[in-house]
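The block underneath contains the structure these notes are about, expressed in structure tokens.
Read-outs: derived from the displayed coordinates by stated rules, not from any lab. Everything numeric here is computed off the predicted structure, so don't read it as measured data. For neighbour counting, all protein chains shown are included, and Cβ atoms are generated from backbone atoms with ideal geometry for every residue, glycine included.
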Amino acid sequence: MAKRPPSGKCVHCLGESMNLTWDHVFPQGWYPDTTPKNVEKWKIPSCLPCNNEYSKLEGELLRLLGMCVDPNVPETAGIANRALRSMNTEFGRDERDKSRRKKTAERFVKKLTVGKNIPRHAAYPGLGERWGRPNEEGIAVSVPARYFYRLAEKIIRGIYFLEKHMFIEAPYVFEFYALTDDGAEPIGAFLDQFGSDFALEPGIKVRLASPSEDLLACIAEITIWRQFKMYASVMPEK
């Protein structure tokens, strides 16, 4: 069993803790089945409350996004099945677990919207209709915007800790952006020229570049399962 990290700061909340735990930068359950066994799964020190909070958020987000991605590409191998399994009572370990899975499935169904009621303008870039169905046959699931923000923040904070050996704290602030391909074109061009690649596993790719002489600042592009992208920046607050 891996040793706990020494006492110190939590990468997420920056609080001091004597009982830090290890937290995976890219959620452990999000690695597709095509991930090589020798891939280093980055871990960072986290306090137990932050670790537990992220674990719940990532489980919920996996269920929601697992129903939105194309299951027929290597980068998503096994993801949809995991999402479905988490709501299937047949896989319950005991009656309590079966009841939990049933309630999870009921909550999921309540998040669904069908046909002409789907707000097409609100589709996250890259996660819209991809099967060519007419509007009246479409099915959409509601995903809280803050889930994307939190996931992107976790990944960038983790990379900063592991690669830059620093915490994101004042005067630097994290910002998140959901951009279409057209909207992200200037960022993509900048990253093509000046960016560095991180985490080139099948499930995740991250590109970072500093937009100024301040090497602690960055612009980031995060690609998940080759299905959708998240953009972020870390800049001095002023």
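In a shell of Cβ-Cβ distance under 10 Å around Thr34, excluding Thr34 itself, what net charge do Lys and Arg (+1) and Asp and Glu (-1) give?
On the way: positive: none; negative: Asp33, Glu75, Glu201.
Overall, the nearby charge balance is -3.
Pull up the cross-link candidates among the aspartates and glutamates for Lys103, meaning alpha carbon to alpha carbon under 16 Å and not fewer than 8 places away within one chain.
Leaving aside aspartates and glutamates fewer than 8 places away in the same chain, those within reach of Lys103 are Glu60, Glu90, Asp94, Glu95.
With r as the distance between the Cβ atoms of Thr34 and His165 and R0 = 22 Å, compute the FRET efficiency 1/(1 + (r/R0)^6) and round to 0.05.
Computed FRET efficiency for His165 and Thr34: 0.10.
For Glu175 and Lys116 in one chain, what is 0.36 nm times their gap in residues minus the Cα-Cα distance, to one decimal in nm?
17.9 nm
Which longest run of the chain has no exposed loop site in it, a site being GluC sites (Glu not before Pro) in a DSSP loop with at most 12 other beta carbons within 10 Å, and the site itself not part of the run?
Of all site-free stretches, the longest is 41-168.
Could you calculate the contour length gain from Asp197 to Arg130, that is, 0.36 nm times the residue separation minus the distance between their Cα atoms, to one decimal place in nm? Don't jump to the answer; show the numbers that get you there.
Working: separation 67, 0.36 × 67 = 24.12 nm, distance 2.75 nm.
Gain in length upon complete extension: 21.4 nm.
I'd like the distance separating the alpha-carbon centroids of region 54-129 and region 13-37, in whole Å.
Result: 21 Å between the Cα centres.
Can you run the Rg to Rh ratio on region 145-236? Use alpha carbon positions and the Kirkwood inverse-distance Rh. The partial results should precede the final answer.
On the way: Rg = 12.3 Å, Rh = 13.3 Å.
Reported Rg/Rh, Kirkwood definition of Rh: 0.93.
Here are some pairs, Lys3/Lys56; Lys37/Lys102; Lys41/Lys238; which of them have Cα atoms lying more than 30 Å apart in this structure?
The answer is Lys37/Lys102; Lys41/Lys238.
Kindly give the semi-axes, whole Å and largest first, of the ellipsoid equivalent to the chain, taking each as the square root of 5 times a Cα gyration tensor eigenvalue.
30, 25, 16
Could you work out the local net charge near Pro74, counting Lys and Arg as +1, Asp and Glu as -1, over the other residues with Cβ closer than 9 Å to its Cβ? Kindly include the intermediate steps, with their values, before the conclusion.
Details: positive: Arg226; negative: Asp33, Glu75.
Result for the local shell: -1.
All other residues with a Cβ under 12 Å from the Cβ of Leu215 taken together, and with Lys, Arg as +1 and Asp, Glu as -1, what is their net charge?
After counting each charged neighbour, the total is -2.
Going by amide H atoms built from the backbone, whose H comes under 5 Å of the H on Leu179, apart from near neighbours?
Amide H neighbours of Leu179, under 5 Å, 5+ apart: Tyr231.
What is the distance, in nm, between label points placed 7 Å from the Cα along the Cα-to-Cβ direction at Arg82 and at Cys13?
Roughly 2.5 nm, to one decimal.
Do any trypsin sites (Lys or Arg not before Pro) in region 1-89 lie in a DSSP loop with no more than 15 other beta carbon atoms within 10 Å, and if so, which? If you can, show how the numbers build up before the last one.
On the way: sites: Lys3, Lys9, Lys37, Lys41, Lys43, Lys56, Arg63, Arg82, Arg85; in loops: Lys3, Lys37, Lys41.
The qualifying sites are Lys3, Lys37, Lys41.
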